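The values are calculated or read from the model by the stated rules, or taken from the named source; none is laboratory data. Owing to the predicted nature of the structure, the values given are computational and were not obtained by experimental measurement. When we count neighbours, we look across all protein chains shown, and the Cβ atoms used for this are built from the backbone with ideal geometry, even at glycine.
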Amino acid sequence: MIEFKGVSKVYPNGTVALNDIDLFIEKGEFVFILGHSGAGKSTLLKLMMREEKATKGTIVVGNYNLTKIKNRQIPYLRRRMGFVFQDFRLIPNLTAYDNVAFAMRVTNIPSREIRKRVPYILHLVGLSNKSRVYPEQLSGGEQQRVALARALAHNPPIIVADEPTGNIDPELSYEIMELLSEINRLGTTILVVTHEQEMVKNFHKRTIKLEDGNILFDTGKQGSTT
Amino acid sequence: MNWGSFKYLVKQGISNIWINRLMSFASIGVLSACLVLIGGAMLLSLNVREVFYKVEGQNEIRAFIEDDVTDKEMEELRVHIEKMDKIATYKFISKDDALIEAQDMMGVDPEEGIFEDYKYGNPIPANYIITLKDISDTQEVIDELEALPMIYKANALMSVVETLTGMEKVLLMFGGIIVLVLVLASLVVISNSIRLTVFARRREINIMKYVGATNGFIRLPFVVEGVLVGLIAAVMAFLMLLGIYEGINYIVDESSVGILASIKASSIAFSEVWMWVLIGFAGGGTFIGALGSSGAIRKYLKV
Ligand SMILES: Nc1ncnc2c1ncn2[C@@H]1O[C@H](COP(=O)(O)OP(=O)(O)OP(=O)(O)O)[C@@H](O)[C@H]1O
Ligand SMILES: [Mg+2]
């Protein structure tokens, strides 16, 4: 499903963010990515969504070989994934409902399906009562959940979340992780970048630790014990 | 693309115009001014051409025939002139008619005039009065006629011909330059205006890219914006030009100055050309709007 072979990323200013990474993630896995600030976690995700190009090595996501992918195929690669960004990236002048609907709209999903799907997803992340509210009137955790709802909306086979619990109190972040875990049980591949060691311990999932652009350890595939 | 997306895109385009109303207003203003000038220049040049044709009608070539041509040669000459496709009309003036014409022109009585002496030896040659389809062929036709043995001289009021064709050339060149400059100016203004909308929406564009919207989809609302600006400008320019044209016609109608009246007589009525003007404006507006907008977004599509 996701494969990195000898991947390095050197930014134009000379920073080596990733150094000869090998990684294989199977369909349906749940993976935590751990690491200090600057370890290269976000870079790893950016390479997967082709926000950045690898300097060396090959990356395969689903049917797409990212070394050979054409520019016009990139939107379709991204539709196979749902992203939750470290900084949410919500549109300030759209309500929670419209933020989710917008993402579906711009990928040509029919209106009828959008009207059915958005309330369901907002319900799933516990925001049914906030659907008409604008991002600035939402708490950090609520915004995070809108971002999560947006990533889930088109039911992608892969979900990638960069610190989805970074701004949330422990109780709520546990709930969100439960939700992701639930979605994972239905067959979706999930990658979660996090700082929270506690969380990683509680969930007994495959954990990859990055340090200075190298893989420090990889627990490999874990049985689901939650 | 489904109906929902289409509605969404058009709504976005309209709301773009509104969000950015000041610049949209400026774009519409500049573009419609540009269209009015282009349309005005074209109508002017059409009318000038029309007047030229009038003058051309009066501007004829005279081909004078040698006195000693036989009837057979005369017929050969007629056939030759008939076959020249640059010639619109021709008329034969016999020696006798030519003499009468010459006497008329000088205002003398045929019975007692200065030509009295020539009663038995008419000095005026028979000739052809020839008019051309295109005034700019004058010299060429004269040369061709003079090469014929039956013709001893052909001439025309070349100065009039040269002035008119020269004027037309200059008009065309200046018109072309002005139109080019105006089109470029409109393009710059529209594309800058849309650049502002793009800037205001850069966050959305960025997010659209990340959730997998295609470049075409992202571009469309801005193209819609540009095209709408172009169409609004086209309609406004049309109405302005109609007003100006009718206004000028009114002034000309009212005036009694001879030259204006003669221009009026050969001018083209707006009702004859309005559809072409409207189609031209709509097409030009749409084209400039779409071109201006697609240039404006390119930078933001790279993520
Ligand atoms: N666009 C860029 N240009 C230059 N260097 C960059 C760029 N983006 C990231 N880096 C550098 O690459 C390294 C890895 O960055 P990355 O964002 O992947 O870290 P991270 O593990 O996500 O950190 P954090 O936990 O703080 O988000 C860092 O040293 C960072 O400074
Ligand atoms: Mg990061």
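Data for the structure
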item: Extreme residue, farthest from the chain's Cα centre (by Cα), among residues of region A:82-112 that are among the aromatic types (Phe, Trp, Tyr) and within 24 Å of residue A:189 (Cα to Cα); result: A:102
item: Residue count for region A:17-46, restricted to those that are within 16 Å of ligand 2 (Cβ to nearest atom) and more than 14 Å from chain B (Cβ to nearest Cβ); result: 16
item: Elements of type strands (runs of 3 or more DSSP E) contained in region A:1-118, each with 2 or more residues being more than 15 Å from ligand 1 (Cβ to nearest atom) and farther than 26 Å from residue A:146 by Cβ; result: A:2-10, A:16-25, A:56-61
item: Some residue of region B:58-72 being assigned to a helix (DSSP H, G or I), modelled with pLDDT of 85 or more and either over 23 Å from the mean Cα position of the chain (by Cα) or more than 30 Å from residue A:102 (Cβ to Cβ) (or both); result: yes
item: Unmet criterion (only one of (1) out of contact with any helix residue (DSSP H, G or I) (no Cβ under 7 Å at 6 or more places or on another chain); (2) of a type in the set (A, V, I, L, M, F, W, C); (3) closer than 20 Å to residue B:15 by Cα) for residue A:101; result: (1)
item: Where residue A:57 falls short, out of the listed (1) in contact with a Phe, Trp or Tyr (Cβ under 8 Å, 6 or more places away or on another chain); (2) within 16 Å of ligand 2 (Cβ to nearest atom); result: (2)
item: Search result, residues across region A:169-213 that are more than 16 Å from residue A:27 (Cα to Cα), away from ligand 1 (no atom under 16 Å from the Cβ) and surrounded by fewer than 20 Cβ atoms within 10 Å (Cβ to Cβ); result: A:169, A:170, A:171, A:172, A:174, A:175, A:178, A:179, A:198, A:201, A:202, A:204
item: Count - residues of region A:149-188 that are in a helix (DSSP H, G or I) and away from every other protein chain (no Cβ under 13 Å); result: 16
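Let's see how each residue does on (1) modelled with pLDDT of 85 or more; (2) under 30 Å from residue A:91 (Cα atoms); (3) among the aliphatic types (A, V, I, L, M):
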| position | (1), (2), (3) |
| --- | --- |
| B:206 | yes, yes, no |
| B:214 | yes, yes, no |
| B:227 | yes, yes, yes |
| B:230 | yes, yes, no |
| B:237 | yes, no, yes |
| B:242 | yes, no, yes |
| B:269 | no, no, yes |
| B:272 | no, no, no |
| B:279 | yes, no, yes |
